[in-house]
1. With +1 on each Lys and Arg Cβ and -1 on each Asp and Glu Cβ, and nothing else charged, work out how big the dipole of the chain is about its Cα centre, in Debye to the nearest 20.
2. Given contacts defined as C-alpha pairs under 8 Å and at least six residues apart, what's the relative contact order of region 104-334, whole-number percent?
3. Output ³J(HN,Hα) for region 60-69: one whole-Hz value per residue in order, computed from phi by the Karplus curve 6.51 cos²θ - 1.76 cosθ + 1.60 with θ = phi - 60°, and x for Gly and Pro.
4. Take the Cα pairs of region 2-84, get the Kirkwood Rh, then feed it into Stokes-Einstein at 10 °C and 1.306 mPa s and tell me D in µm²/s.
5. Residue-wise, which Karplus ³J(HN,Hα) couplings in Hz belong to region 303-316, taking 6.51 cos²θ - 1.76 cosθ + 1.60, θ = phi - 60°, and x for glycine or proline?
6. Just to confirm the number: angle between the C-alpha axis of helix 103-117 and the first principal axis of the chain, 0 to 90 degrees, nearest 10?
7. Filter Lys73/Lys94; Lys181/Lys317; Lys27/Lys51; Lys20/Lys94; Lys240/Lys300; Lys224/Lys299 down to the pairs with a C-alpha to C-alpha distance above 27 Å, please.
8. Rounded to the nearest 500, what is the 222 nm mean residue ellipticity of the chain from helices alone, with -39500 (n - 2.57) per DSSP H run of 4+ residues and division by all residues?
Amino acid sequence: MNKKLELIKAEALREIESSKDENSLNKIYKKHFKELSSIFSQMGTLSPEEKKVIGVKANEIKQAITISFENKKKNFTKKDKTNSEFFDITIPGKKTKVGHLHPITQAINEAENIFRGMGFSIVEGPELEDEWHNFDALNFPEDHPAREMQDTFFVKNEPKKRLLMRTHTSPVQIRYMLDNKPPYRIIVPGRVFRNEATDASHEVNFHQIEGLMVDKEISVANFKAVIEEFCREFFNRDVKIRLRPSFFPFTEPSFEVDMSCSECKGKGCSLCSQTGWLEILGAGIVHPSVFKNSGVDPKKWQGFAFGLGWDRWVMLKYKINDIRLFYNGDLRFLNQF
Ligand code: FA5
């Protein structure tokens, strides 16, 4: 039995040492462990003295084989790890898909840069507005049909302070003037909401960029200069615009600005309702009542305000023939920007 044990030890250590991979190592260990187990099971046939000697020896051999097995196994694991950490830097990388800003937002950023260049600051206001800021302070008399020009989503029907989704960005004029002293030169980009039927140029949810410039000697000529400069920079060319007299309760005089339709070049199409012109902004000289409601002395200060229908500007720039493309989430359209 002594000889057999010596043989198992020598063979096991040699085979473990020369094993090539973890799989064959495990097999070798199992095989010799089985042989040792059969020696242990035969110990009952030995005399007490022999049992003592053989028992000690068998245990020493079992320990030696196990240590050698563990060391070899560690070696393999280390090698495997090194192999898996290796990577081939010459393999072309996988491109990660990243999103991008919505075309309307990209264009708002562009507009902000142009207006900043003309000394305007960027101001924001709440989309959930109250009736006073959205209508009353802007000189819309209660029950006046002018309120109906902007079909409104009322949110909470409280008699004293009715809440609504703002129908335009003009209420931010009031908020800003109440909080700041003139002169002013601000723009207010933002989302607005109107409860109206949609078509190629009308949405229920669209964007406007409000503008307000107030100082001691401001006239319509300043307005024209600012808008023409903005058009030139935004469209990167001279564009044809026209001013039409209009009505807004918060400006006097008021006018609407149209731009020659880029889709049909002024001939008439579904985008411009066959007129050849697309209305792109409303504007006017700030009404004295609006100044009074905002704590500004109309005898000392004067200025103009305007509201760009931003979606239509972006449509003109990129020759987009339907406003609904901005909002239906079609990636074939959005990924072109
Ligand atoms: C206003 O909203 C005024 N607050 C603009 C203003 C500001 C006038 C300051 C004077 C001084 P209006 O309702 O016309 O005005 O809307 C302004 C622009 O928004 C329009 O010229 C048009 O380009 C755009 N617009 C109006 N309704 C829609 C709609 N449903 N979908 C997309 N664009 C629209």
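Bear in mind that the values in this text are calculations on the coordinates, not laboratory data. Predicted model, so just to flag it, every value in this text is computed and none were measured. FYI the Cβ positions are ideal-geometry reconstructions off the backbone, even for glycines, and counts take in every protein chain you see.
1. 2240
2. Normalised by residue count, the contact order of region 104-334 is 21 percent.
3. 4, 5, 4, 5, 4, 5, 5, 4, 4, 4
4. My calculation gives 116 µm²/s for D.
5. For region 303-316, the Karplus-derived couplings read x, 10, 9, 8, x, 7, x, 5, 4, 5, 4, 5, 4, 5 Hz, x marking Gly and Pro.
6. 60
7. Exceeds cut-off: Lys73/Lys94; Lys181/Lys317; Lys27/Lys51; Lys20/Lys94; Lys240/Lys300.
8. Value at 222 nm, helices only: -13500 deg cm²/dmol.
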